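Let me begin by presenting the structure, written as structure tokens, before commenting on it.
The values are calculated or read from the model by the stated rules, or taken from the named source; none is laboratory data. Worth saying up front: this structure is predicted, and the values here are computed from it rather than measured. Counting neighbours? That spans all protein chains shown, and the Cβs are built from the backbone with ideal geometry, glycine included. When the accessible area is computed, the model is the full protein with side chains, heavy atoms only, and any ligands, DNA or RNA have been set aside. Shrake-Rupley method; radii C 1.70, N 1.55, O 1.52, S 1.80 Å.
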Amino acid sequence: MSTISTQVRNFKDPTKDQLLHAFFSIYESTPMRCSKDGEKSASSGDLDKMEINAVLTLGEPGVEDAYAGKLHLIPPYLAFSSLDRKSVRFTIPLSTVRRVERLNARAGVYALSLVTWHAMKIIVQLTSLRPTADAFCSLLREALKAELQRGQMKLVKGFVKTCYSEYLVSSFSVVDNEREDGSLIPETKEGTPIPEPEYHGGLGLKFKFPGDPKKLREASKIKLWTTYLRTHGRNLTLLRYPQCTRLVQVGLPNRLRGEMWETLSGSMYLRYANPGLYADIVEIIKGKNSTSFEDIEKDLHRSLPEYAGYQSEEGISALRRVLQAYSHKNPDIGYCQAMNILSAAILIYMSEEQTFWLLEVLCDRLLPGYYSPTMHGTLLDQRVFESLVARCLPTLHEHFQAVDVQLSVASLPWFLSLFINSMPMVFAFRIVDCFFCMGPRVLFQVGLAILKINGEKLLQIQDDGGFLNLMREYFASLGDSAHPDSSDPRARAITRFQELLLVSFREFSVISEDTILSERRKFRNEIVNNIENFSKRGAIRNLKTLGRFSKDQAGLIYDALYKAMCEEPPLPAVAPPPSLIQSNDPNQDRPETRFGLPTFKVFLSEILTWARSEKIIFNAFQQRIDREVAEHELIDRLFFFWDTSCRGSLSFQDVVSGLDGIMFSDLMESIEWFFNLHDKDKDGYLSKDEVLTLSESLLFIFRYEIGDTYLGAVSRFMSNAFEYGDALLPQETDPDTGESVPVQISNNQPYMNLATFRMVVLADEILESFFETDLVASFRLETVPDLELPTHNSGFLGDLWSNIATADNKKMFHKLSDELGKTIGKHQVIYRPTIGRYTRAVEPQARESLLSPIPSKPSIPTGETSILSPSKASSSTLTVDTFADNALEDGLSSAALSSAGFTSLPHVKAVSVAFLERTPFAIDDVGDDEDDSDLDLVHGEDDTQVMDEVDAFLEANDSGLSEADKEVAKDLLNAEPM
């Protein structure tokens, strides 16, 4: 069954801190590691964060230039980025820092020397004022102490042994037991098996890696990376200088690819912070089953079946465990299409645990919404990609529109599988290398480059089939020469894939992360509405029955229910993963959204007048309407009345069927419905207690009506009900008086049947009118206004306003204005009636009892029959119908409504006398103040040969330093600790 989550609508733009953490690949939402006694270990997240201007110098002279930038202390990490935010950056866990010393440099220079686990020396010159530098050092000292107390520093030694880079740069060589492509030789020349290595690796170690190692120049790449890792740190302490990005663009060596993926993406920090969690999850899910597990089983043998590893049970089992563990840890996402392709590709280079954490980062942070039930992230990025094509390749975009070619037909699989399903794996993995290094913008840059390179041929296509065939031919020829007819041998050596990368990162370098975020904000509303409309149509189409509702009316019910689910989300135990669409296939036991009582109350308040309390509030500062969800046993009773399957929750179908049972009822059907609603044991009788409960339900429905009209009707109902009920009971002779009297029964025994209940209701004109028209009319299916999506406020003022205009602050403002209004005697609360039939406090003539006539009563004067809430402080409370709301919509001020002009309304006429009985200063201040027009009315508003390739990607990297600054940085290399 298709699913949709209300989280799509609840999406909020990332805050400044969240963007900073994402830039440095730091993820705050990681689960905390538990100690042996079950208590959570101390967290560094409570320590203060700080950033400071700094100049970074690598401790080894002549290896790298010095770079100016910002040093960030984000416990438990220390991070740095250069001024251009692309040349140099690093993220180092504080637990890998072994020594911090202040250097004895020239006067005015404040510098620190940091030595990491790998004996790499980093010199940081703090260029801010002395007090700021002292404060930063103090916070750094506290953060390092916290890591020491947590015991994190003891874990580093064991963790780095799982990383291949440690063996690559160590004094002994591991090449003796490796093939040229990096896979392991299972046994020595003597035939003895080689022991299992400690470091993590994927299926490629056993089943070999894709591609020809000679063509891929694996040996050259390994040498270059070994040199880089020796001087720039590795795994947890890797420093990302410009050469690192260029080496990634050239392609990672097979043996190092997995580790570099998790280092560049930040998933290594998750694995480091949560040791053993993956193994625990795998143990927990053994023997369990779920819908996600069933879907996983269907797709296992479709995952890269051409690779030898997935033609064996070993590879299939590893893939199964990873996917099941992820779906168990993230039940809201579970398992979605393309996850199997992605995980299968990653498992070639990474262990199961590494793959699990990389999948976590990929699905939740790098590509949010791509692998969700609605795929809203993919759909949004497809719309962004179309927009970028229109901007960068307008001629091609116009041609696609002219011949009605859908760009997403080809581009959707590119983005969803990171090109793994579209092009040969050796080339797709090169793109994935760049993706983890440079971010999601790589997908857009490569996509635009593909279209530009094939532009002339694309202008000749006339349909989607021609588009797909052309793309298929192009991807199959990526290993061919891009210039086969050139006389220059260097030009002939350039392959089409190299040409693709050059065009991507040079001609489309203007596509930045900020560009992508801006375009996503622009089209998010459009995509969310499209998804909701599609789900709405599917939900209505797949209902088992619409009853007497039309599709449009069922759509209004859906809208109200969806709004309620947004305001009061169903509990996960009630509704795993949220969905409003049902399957007509009885063979599919698929989950559907079922919501509990809290959500039902919010939903009912949207469509039922007496299931909500609407207060029209006037004070000296504002006028507003507050709506509150009503709380009463009748609403709970209605929830369980519609829960025909006795599951303690309702589905969309239950709601439609339940409403169908009352909204099309005539007089007799309404009476029977109300009777059955209160017949708890369904025996066809109401007990005396149930009669009293029914009376209380009527009083709850009529609680805000004008006058005593409905109160009198309920009073007469109770009198008649017990009179008629007693008359129908078996009679017995009283031994004392000899008269016939009803047999005495207990309060929980059958007392009144449906026929008697009808007779009692029809004996009263007010109740007859209520059951004939008013009860059905109180259910109102109205158009629900479009729910607002969270807006993005850029800039200082925008951020300031978004922090001020919050729902909590609005409530505080309303409360403050109400209290001020009460203090100065200008505060009115008017409750809107739920029925609103009678606007005057005149009681219609009741019909006579069928058994004993009731003497007629004269009409009570208006002023004596008004039902008013007691005066509290200086507030005035009364009830009016929708006319008061219309007055608000017509722009009438509180002064106009609370002065003499207000009393011309019918409802105010009905209670004018009662106003005189209230506290004098309250009514005087509200009614006699002529200066209301001078008061302001405040309205609340909801508001980017091997070295040749490296050089080909070389870009200018500005260190941000003058020559004098560079000399200071060089001097620090020889400075001694203080």
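Values for this structure:
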item	result
R0 of 25 Å, Cβ-Cβ distance Val63-Ala493: FRET efficiency to nearest 0.05	0.25
Net charge, Pro368 excluded, C-beta distance under 13 Å - Lys, Arg +1, Asp, Glu -1	-1
Those trypsin sites (Lys or Arg not before Pro) in segment 283-334 that DSSP places in a loop and that have at most 15 other beta carbons within 10 Å	Lys286, Lys288
Average accessible area per residue (Å²) across segment 272-527 - probe 1.4 Å, nucleic acids and ligands excluded	39
Per-selection metrics, segment 674-726 (Cα): Rg and Dmax in Å	11.8, 36
Fraction in percent of alpha-carbon pairs per bin - 10 Å, segment 416-526	13, 39, 36, 11, 2, 0
Residue (of Leu728, Leu677, Ser740) at the positive-pole extreme of segment 664-778, dipole from beta-carbon charges	Leu677
Extended-chain gain in nm, criterion 0.36 nm per residue less alpha-carbon gap, Lys49 and Thr132	28.6 nm
With every protein chain in place, segment 272-527: carbon and sulfur % of accessible area (1.4 Å)	50
Probe 1.4 Å, accessible area per residue of segment 664-778, Å²	43
Sites matching chymotrypsin sites (Phe, Trp or Tyr not before Pro) across segment 662-692 that sit in DSSP coil, with at most 15 neighbouring C-beta atoms within 10 Å	Phe664
Accessible carbon and sulfur surface of segment 636-754 relative to its total accessible area, %, 1.4 Å	51
Whether segment 599-681 is rounded, prolate or oblate, judged on the alpha carbon gyration tensor where a/c under 1.5 counts as rounded	prolate
In Hz, Karplus ³J(HN,Hα) per residue of segment 550-562 (6.51, -1.76, 1.60; θ = phi - 60°; x = Gly, Pro)	7, 5, 5, 5, 4, x, 5, 5, 4, 4, 5, 5, 5
Distant alpha-carbon pairs in segment 238-397 (separation over 18 angstrom), percent	65
Cα-based radius of gyration of segment 272-527 once divided by 2.2 N^0.38 Å, which approximates compact folds	1.08
Relative contact order of segment 101-171, defined on C-alpha pairs under 8 angstrom at six or more residues apart (%)	16
Residues whose placed amide H lies under 5 Å from that of Tyr77, excluding near-sequence neighbours	Leu94
Burial ranking of peptide ranges 264-270, 81-87 (average Cβ count within 10 Å, highest at the top)	264-270, 81-87
Nonlocal amide H pairs with His827, under 5 Å, H built at 1.01 Å	Ser876
Column: log10 I(q)/I(0), Debye, Cα scatterers of segment 664-778, q = 0.18, 0.19, 0.20, 0.22 Å⁻¹	-0.91, -1.00, -1.08, -1.26
Computed Rg/Rh of segment 331-407, alpha carbon atoms with Kirkwood Rh	1.13
